[in-house]
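The structure under discussion appears below in the form of C-alpha cells.
The values are calculated or read from the model by the stated rules, or taken from the named source; none is laboratory data. Quick caveat: nothing in here was measured; it's all calculated off a predicted structure. No Cβ is skipped: glycine too gets one built from the backbone with ideal geometry, and neighbour counts run over all protein chains shown. Side chains included, ligands, DNA and RNA excluded: accessible areas come from the protein's heavy atoms. Shrake-Rupley method; radii C 1.70, N 1.55, O 1.52, S 1.80 Å.
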Amino acid sequence: MAGKEIAVKKYVVKLSGEERELLETLIRSGKHAARKLLKARILLKADVSEAGEGWSDSQIAEALDTSVDTVARTRQRLVEEGFESALAYKYSPASARPRIFDGAAEAKLIALACSTPPAGRARWTLQLLEEKVVELSIVERASDNTIGRTLKKTVSNPTCKSNGLSRRTVTPHS
C-alpha cells in the first residue's frame, strides 16, 4: 500500500469551486452511470483545495468500495487529460475481441439470410449460413453462434420460427 500512497503526491487533485459544484450536482441528481458517479466521488474525496477533504488513495478506495488502482487512475486522468476526461468512460478497443461482422459484412449476411435457401432446403440454417459466408468471402471465418447473434440484432430474422412480426391470436375464454 505504501507504493500507492506515493501516487497521491505525484497526481494532486485541486478542484475549482465551479468543478466541485458540478461534481456535487452530478452526484445529487444520480441520473448518470455508476462509473461516472464513482469517479465524481473519488475526485471530491481526493481534492486537496480548501474546500476538499484531501483523502489518500487507500482511504478513498476503502470508503467507496473500489480499488486503489481505480482511484490512482482517476487522479492521473484528471491531471494529465483534464476534468471532462476524468469523468468520461474510456473505451479501449484492445480490451474487447474485435467484431467479425462490420456494417458491410453484416448487411451482406442479412441479405443472404433473406434470399432463397439452397436447393432442397426450406430455409437457411445457421450452419448453412456459416458455410456460405465463408464460401462467398464475406468473412474469413465465423461460427453459427456468431451468425445467430448477428441476426438476432435485426428486427426480421428469417432463420427464426417466430420473429415477433405476426400478431398473436386471441383465444376465447372458456
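Identify all residues within the stretch 87-103 that are more than 30 Å from L44 (Cβ to Cβ), of a type in the set (A, V, I, L, M) and either at pLDDT 90 or above or in contact with a helix residue (DSSP H, G or I) (Cβ under 8 Å, 6 or more places away or on another chain) (or both); write none if there are none. Full working, then the answer.
Step one: of the stretch 87-103, the residues more than 30 Å from L44 (Cβ to Cβ) are 93-94, 96-103.
So of that shortlist, the ones also of a type in the set (A, V, I, L, M) come out as 94, 96, 100.
If the condition is that a residue be more than 30 Å from L44 (Cβ to Cβ), of a type in the set (A, V, I, L, M) and either at pLDDT 90 or above or in contact with a helix residue (DSSP H, G or I) (Cβ under 8 Å, 6 or more places away or on another chain) (or both), then I100 is the only one that fits.
State whether one or more residues within the stretch 117-128 are in a loop (DSSP other than H, G, I, E, B) and touching a Phe, Trp or Tyr at 6+ places or on another chain (Cβ under 6 Å).
Checked the stretch 117-128: at least one residue is in a loop (DSSP other than H, G, I, E, B) and touching a Phe, Trp or Tyr at 6+ places or on another chain (Cβ under 6 Å).
Would you list the helices (runs of 4 or more DSSP H) that sit entirely within the stretch 1-100 and hold 3 or more residues that are of a type outside the set (D, E) and open to solvent by 70 Å² or more (accessible area, probe 1.4 Å)?
It comes to 2-10, 34-46.
Could you say whether any residue in the stretch 95-114 is polar (S, T, N, Q) and closer than 30 Å to E21 by Cα?
no
If only one of R75, R35 is within 13 Å of V12 (Cβ to Cβ) and charged (D, E, K, R), which one is it? Please lay out each step first, then the result.
Details: R35 fails: within 13 Å of V12 (Cβ to Cβ).
One residue alone meets the criteria, R75.
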